[in-house]
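The values are calculated or read from the model by the stated rules, or taken from the named source; none is laboratory data. This one's a predicted model, so the numbers in the text were calculated from it and none came from an experiment. Because the Cβ atoms are built from the backbone with ideal geometry, glycine has one as well, and the counts that use them run over all protein chains shown.
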Amino acid sequence: MELLRFATAGSVDDGKSTLIGRLLFDSKQIFEDTLEALEHSTMLRGEEGMNLALLTDGLRAEREQGITIDVAYRYFATPRRKFIIADTPGHVQYTRNMVTGASTADLALILVDARKGIIEQSRRHAFLASLLGVPHIVLCVNKMDLVDYDQDVFERIKSEFREFAAKLDVRDLQFVPMSALNGDNVVERSANTPWYEGTSLLHHLEEVHIASDRNLIDCRFPVQYVIRPRDDKHHDYRGYAGQVSSGSYRVGDDVVVLPSGFVSTIASIDTADGPVEEAVPPMSVTIRLSDDLDVSRGDMICRPNNQPNIGQDVDAMLCWFGERAALKPGGKYALKQTSKWTRALVKELHYRLDVNTLHRDEEANSLSLNEIGRVTLRTTAPLFFDDYRRNRATGSFILVDEPSNDTLAAGMIL
Amino acid sequence: MHRLISHLDALESESIHLLREVAAEFERPVLLFSGGKDSVVMLHLAKKAFWPARLPFPVMHVDTGHNFPEVIEFRDSSVRRLDVNLVVASVQASIDAGRVVEDTGPRASRNRLQTTTLLDAIEQHGYDAVMGGARRDEEKARAKERFFSFRDEFGQWDPKNQRPEIWSLYNGRHRKGEHIRVFPLSNWTELDIWQYIADEDIELPSIYYAHRREVFRRDGMLMAVSDFLQPGDGEESFEATVRYRTVGDATCTAAVASMASKIEDVIAEVAASRITERGATRADDKFSEAAMEDRKREGYF
């Protein structure tokens with residue numbers, strides 16, 4: 001059974017909670033005591049029926065204010081796949097939440113209300129999903145029951161969204177007309193939309209092909225930890241532990257270790273279950289080399305004929321999450337990329353991007369909370385990196401405030 | 001054609017990555033180990049992460065003193081078999097030292113007292129990363145937890161002020177006196193845990209499987225009769241075939257009626273269950289809508 005991670009974006013009004021509730025209900029993932037607690041909470045709030053939003057609003061402050069503050073993770077499974085939903089609220093902190101949820105997602109669900117069509121928020125969500133390199137996007141045109149399941153409404157929304165998405169980098173875009181409330185096209189195809197030739201949403205989630213989303217070409221293995229038992233049984237054992245970021249490693253492969261540039265071959269790929277012939281993402285393994293080299297955390301094992309960029313100057317799109325201070329040129333921060341910490345100086349802010357219009361404000365001289373812009377950074381030590389579009393693992397980094405240790409920004413290398 | 005990675009392989013790999021990040025980035029990590037199934041799986045993963053080397057950190061049991069004897073036996077045999085160092089932080093010692101005052105009465109539980117014992121042990125040993133087996137699917141406040149969760153110098157969790165966690169780039173930076181709680185099993189569900197236990201042939205305390213036991217009914221739950229817990233007025237004890245879905249303090253952890261004596265039976269039961277494991281077995285979560293959130297804010301697991 002494969003694992004599919006997806007992010008949902010939209011506001012309560014779009015019926016997002018109802019949709020998630022429906023997926024969980026119909027796959028029998030909402031438990032009786034959870035339902036009871038939900039009914040009880042709904043009643044305490046003086047509301048009737050069941051407020052499905054309270055399922056994901058787990059914190060006291062969220063219940064009190066009636067808003068979702070933070071990303072909530074939900075889990076369900078069908079016989080075909082296990083799903084992890086990152087449910088990202090649309091109100092407060094939408095950029096931070098959406099970026100967090102989308103960063104590890106295979107797929108993004110964007111909800112629109114059929115009566116309202118594509119609104120500013122839909123465009124924003126699509127842009128963020130594309131910026132974060134989410135390979136598959138599904139636009140759920142919800143509340144079709146309120147427009148009499150009119151095919152023209154669906155087609156109009158579809159073509160309008162397609163036009164906008166053409167400006168973005170979206171690899172796979174699907175559209176599903178649905179009513180989350182009535183269950184149309186959520187789990188089963190609906191008789192109310194005979195003109196719709198696609199599959200139900202759940203069927204799509206179960207079948208969408210994700211295995212080839214992995215980059216199996218560029219071999220990147222950031223060394224996380226050096227395993228040296230130093231006991232009698234494994235006296236000379238020296239293994240480099242890490243998770244394969246991309247590419248495929250096989251025993252006997254020629255490799256180069258960065259930054260030293262030393263070459264060697266893979267003697268063995270170890271796991272606690274025994275050696276394996278091949279390692280691919282996202283496997284966590286331990287690589288042993290044929291030669292005694294000085295390799296440590298932060299180094300990267302690659303192939304001699306396919307190496308990442310190596311340098312101290314990177315251009316990146318930055319999403320700023322700092323609440324206390326804005327990003328300004330000249331700012332210095334701690335930077336983490338793969339398994340490596342270094343420091344970075346913001347040399348230049350090229351522009352700030354309006355996520356609603358995609359307009360570039362080149363006069364901007366700072367990025368505030370939840371703003372996005374293009375920067376040039378200079379790092380104290382060389383990074384081994386790739387274009388984020390080609391490699392989400394080696395093209396991403398975070399910036400951290402040195403006095404407070406707060407995480408300030410997510411960066412995608414261009 | 002490359003082999004597909006199963007969901008359990010993906011979860012295992014994610015957890016191992018996290019455990020190695022902890023060993024690499026912290027000076028004094030510790031792994032919480034109670035003998036409960038989640039901590040058993042976490043310890044199993046930790047052994048795999050550093051194989052063939054020994055664990056680069058100790059394990060710690062916060063001992064309420066109200067234990068199931070089978071679990072303590074299992075804890076001690078695991079520690080010997082896996083060759084790990086065990087630290088025991090004792091709630092009884094906290095009570096004796098006057099750090100906490102024990103509730104009295106038939107409904108008294110030491111569950112909440114564990115927080116002080118845990119925080120004192122963290123301070124005493126100077127632990128900077130504390131790994132726990134909590135899962136996001138367990139409970140609604142836990143659904144909002146990070147993998148790396150910051151705790152201030154009072155050990156407090158501030159759910160409204162969490163660090164954003166993007167990709168798998170974990171930020172474990174902290175100042176002296178602060179620490180990070182790490183949850184390597186965040187993305188596992190109860191069913192994942194059981195399937196993994198079956199796949200990996202992991203040993204568990206016997207009380208997870210069906211056995212005969214003297215119990216009594218309280219608030220709709222089956223509580224075991226023990227030295228620490230006796231039936232009160234109007235509560236009658238009887239013998240039943242039960243098993244435990246969670247293992248915690250004996251005074252607030254309930255058994256469920258079950259005939260599942262083998263792992264396959266347990267998996268079938270969990271897959272068909274319509275009640276969450278905490279809802280079925282934990283008196284401590286029934287106090288209020290936000291019982292877990294409140295305890296977590298204070299520094300609970």
Q.
As an exercise: evaluate A:Lys336 against (1) crowded, with 21+ Cβ neighbours inside 10 Å; (2) without any contact (Cβ under 8 Å) to a residue 24 or more places away in the chain; (3) charged (D, E, K, R) and give the number of the one condition it does not meet.
A. (2)
Q: Find the strands (runs of 3 or more DSSP E) located wholly in the stretch A:228-303 whose residues include 3 or more that are modelled with pLDDT of 95 or more and within 10 Å of another protein chain (Cβ to nearest Cβ), and list them.
A: A:239-243, A:284-289
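Only helices (runs of 4 or more DSSP H) wholly contained in the stretch B:236-301 count here; list those with 3 or more residues that are more than 19 Å from B:Gly220 (Cβ to Cβ) and at pLDDT below 90. So that I can check it myself, show each step before the final result.
On the way: elements: B:263-272, B:277-281, B:291-298.
Passing ranges, in order: B:263-272, B:291-298.
Starting from residues that are of a type in the set (Val, Ile, Thr) and part of a strand (DSSP E or B), keep the ones in the stretch A:212-227 and report whichever is nearest to the other protein chains (Cβ to nearest Cβ). Before you say what the answer is, go through the steps one by one.
The initial filter retains those residues of the stretch A:212-227 that are of a type in the set (Val, Ile, Thr), namely A:217, A:223, A:226-227.
The next check asks that each one be part of a strand (DSSP E or B); those that pass are A:226-227.
Working: A:Val226: 9, A:Ile227: 5 Å.
The selected residue is A:Ile227.
If I filter the stretch B:66-82 for residues that are assigned to a loop (DSSP other than H, G, I, E, B), charged (D, E, K, R) and out of contact with any Asp or Glu (no Cβ under 8 Å at 6 or more places or on another chain), do I get at least one hit?
As a first pass, look at the stretch B:66-82 and keep what is assigned to a loop (DSSP other than H, G, I, E, B): B:66-68.
Then drop every residue that is not charged (D, E, K, R), which leaves none.
The answer is no, given that none of the residues of the stretch B:66-82 is assigned to a loop (DSSP other than H, G, I, E, B), charged (D, E, K, R) and out of contact with any Asp or Glu (no Cβ under 8 Å at 6 or more places or on another chain).
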(Q) So, in the stretch A:129-181, how many residues would count as being in a strand (DSSP E or B) and in contact with a Pro (Cβ under 9 Å, 6 or more places away or on another chain)? (A) 4
Q: Taking only the stretch A:99-119 into account, find how many residues are assigned to a loop (DSSP other than H, G, I, E, B) and either free of Cβ contacts under 8 Å to residues at least 60 places away in the same chain or under 14 Å from the mean Cα position of the chain (by Cα) (or both).
A: 8
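Might you check whether a residue that is under 18 Å from the mean Cα position of the chain (by Cα), in a loop (DSSP other than H, G, I, E, B) and within 14 Å of chain B (Cβ to nearest Cβ) occurs anywhere in the stretch A:352-362?
Narrowing the stretch A:352-362 to residues under 18 Å from the mean Cα position of the chain (by Cα): A:355.
Then drop every residue that is not in a loop (DSSP other than H, G, I, E, B), which leaves A:355.
Of the ones still in play, those that are also within 14 Å of chain B (Cβ to nearest Cβ) are none.
No - not one qualifying residue is present in the stretch A:352-362.
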**Q.** Meets criteria (under 19 Å from B:Arg20 (Cβ atoms), surrounded by fewer than 20 Cβ atoms within 10 Å (Cβ to Cβ), hydroxyl-bearing (Ser, Thr, Tyr) and touching a strand residue (DSSP E or B) at 6+ places or on another chain (Cβ under 6 Å)) for A:Ser245
**A.** no
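Residues checked against (1) part of a loop (DSSP other than H, G, I, E, B); (2) touching a Gly at 6+ places or on another chain (Cβ under 6 Å); (3) buried (at least 20 other Cβ atoms within 10 Å of the Cβ):
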{"site": "B:Leu19", "(1), (2), (3)": "no, no, yes"}
{"site": "B:Glu27", "(1), (2), (3)": "yes, no, no"}
{"site": "B:Ser34", "(1), (2), (3)": "yes, no, yes"}
{"site": "B:Ser39", "(1), (2), (3)": "no, yes, yes"}
{"site": "B:Ala46", "(1), (2), (3)": "no, no, yes"}
**Q.** Single condition B:Asp76 does not satisfy, out of (1) farther than 26 Å from A:Pro281 by Cα; (2) touching a residue at least 40 places away in the same chain (Cβ under 8 Å)
**A.** (2)
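Look at A:Ala86 and say whether it is touching a residue at least 12 places away in the same chain (Cβ under 8 Å), within 11 Å of chain B (Cβ to nearest Cβ) and not in a helix (DSSP H, G or I).
Details: touching a residue at least 12 places away in the same chain (Cβ under 8 Å): yes; within 11 Å of chain B (Cβ to nearest Cβ): yes; not in a helix (DSSP H, G or I): yes.
Spelling it out, A:Ala86 is indeed touching a residue at least 12 places away in the same chain (Cβ under 8 Å), within 11 Å of chain B (Cβ to nearest Cβ) and not in a helix (DSSP H, G or I).
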Q. Looking at the stretch B:23-69, which of its residues are closer than 19 Å to B:Leu118 by Cα and within 14 Å of chain A (Cβ to nearest Cβ)?
A. B:Phe26, B:Pro29, B:Leu43, B:Phe57
Q) So, in the stretch B:254-282, of the ones that are among the polar types (S, T, N, Q) and more than 16 Å from the chain's Cα centre (by Cα), which residue ends up farthest from B:Leu204 (Cα to Cα)? A) B:Ser273
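Can you tell me which residue within the stretch B:225-252, out of those that are small (Gly, Ala, Ser) and surrounded by fewer than 21 Cβ atoms within 10 Å (Cβ to Cβ), is farthest from B:Gly35 (Cα to Cα)?
First pass over the stretch B:225-252, keeping only residues small (Gly, Ala, Ser): B:226, B:232, B:234, B:237, B:240, B:248, B:250.
Now drop any that are not surrounded by fewer than 21 Cβ atoms within 10 Å (Cβ to Cβ), which leaves B:226, B:232, B:234, B:237, B:240.
Values: B:Ser226: 19, B:Gly232: 29, B:Gly234: 33, B:Ser237: 27, B:Ala240: 23 Å.
By that ranking, first place goes to B:Gly234.
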Q | Restricting the stretch A:189-211 to residues that are assigned to a loop (DSSP other than H, G, I, E, B) and either within 30 Å of A:Pro281 (Cα to Cα) or aliphatic (A, V, I, L, M) (or both), the residue that is farthest from the other protein chains (Cβ to nearest Cβ) | A | A:Ala191
Q.
Step by step: first the residues of the stretch A:378-414, then only those that are out of contact with any Gly (no Cβ under 8 Å at 6 or more places or on another chain), assigned to a strand (DSSP E or B) and more than 11 Å from chain B (Cβ to nearest Cβ), then the one that is surrounded by the fewest Cβ atoms within 10 Å (Cβ to Cβ). Which residue is that?
A. A:Thr380
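Report, by residue number, each residue of the stretch A:191-217 that is of a type outside the set (A, V, I, L, M) and either in contact with a Gly (Cβ under 8 Å, 6 or more places away or on another chain) or within 26 Å of A:Gly395 (Cβ to Cβ) (or both).
Our first condition is that a residue be of a type outside the set (A, V, I, L, M); within the stretch A:191-217, this holds for A:192-200, A:203-204, A:206-207, A:209, A:212-215.
Answer for the stretch A:191-217, where residues must be of a type outside the set (A, V, I, L, M) and either in contact with a Gly (Cβ under 8 Å, 6 or more places away or on another chain) or within 26 Å of A:Gly395 (Cβ to Cβ) (or both): A:His204, A:His209, A:Ser212, A:Asp213, A:Arg214, A:Asn215.
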(Q) If B:Glu12 meets every condition in (1) free of Cβ contacts under 8 Å to residues at least 60 places away in the same chain; (2) within 9 Å of chain A (Cβ to nearest Cβ); (3) buried (at least 24 other Cβ atoms within 10 Å of the Cβ) apart from one, which number is that one? (A) (1)
Q.
Is it the case, given these coordinates, that A:Asn365 is under 30 Å from A:Val280 (Cα atoms) and in a loop (DSSP other than H, G, I, E, B)?
A. no
